[in-house]
Amino acid sequence: MFDGLLRFASVLALAAMAAISVESHAQNLERGRQLYENHCQTCHTAQVHGRKNRTAIGIGDLREIVDRWQANQALRWSREEIEDVVQFLANTRYFFVTRAH
Ligand code: HEC
């Protein structure tokens, strides 16, 4: 009886943790989307990220390029904001198949 309860409780805890992480993840992607649409999309269409000879070939390159662009635009994004935009682009434009480096 006690054993069953314990198992039930741990399943609940796991489910709650999963729900929280999905939610905060979605929130960050949403912030990334907003930042990108407000500050970056004005210049290039989304096509720039899908061109054949694109310069961002891995998440590390992408992070560098995003950082360069936000500095170039004097946006003063925080680490978290840069990361949100990187994750947004990685999830919606790049779909890197190689592991992050
Ligand atoms: C002044 C216009 C302009 C603005 C503003 C701009 N970009 Fe760009 N971006 C470009 C052009 C032009 C290219 C393609 C030439 C190049 O790679 O330098 C490019 C290329 C890129 C690439 C590489 C695409 C690839 O895979 O080859 C990324 C990533 C990128 N921009 C991200 C951003 C982000 C993030 C912002 C906002 C902080 C931003 N850009 C704002 C003009 C702009």
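The values are calculated or read from the model by the stated rules, or taken from the named source; none is laboratory data. Small disclaimer: the values here were computed from a predicted structure and weren't measured. Please note: Cβ atoms are built from the backbone with ideal geometry, for glycine as well, and neighbour counts cover all protein chains shown.
Rundown of residues vs (1) at pLDDT 95 or above; (2) assigned to a helix (DSSP H, G or I), yes/no style:
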position: A18; (1), (2): no, yes
position: H44; (1), (2): no, no
position: I57; (1), (2): no, no
position: D61; (1), (2): no, yes
position: W69; (1), (2): yes, yes
position: F96; (1), (2): no, no
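Among the residues of segment 68-82, just one is acidic (D, E) and surrounded by fewer than 16 Cβ atoms within 10 Å (Cβ to Cβ), namely E80.
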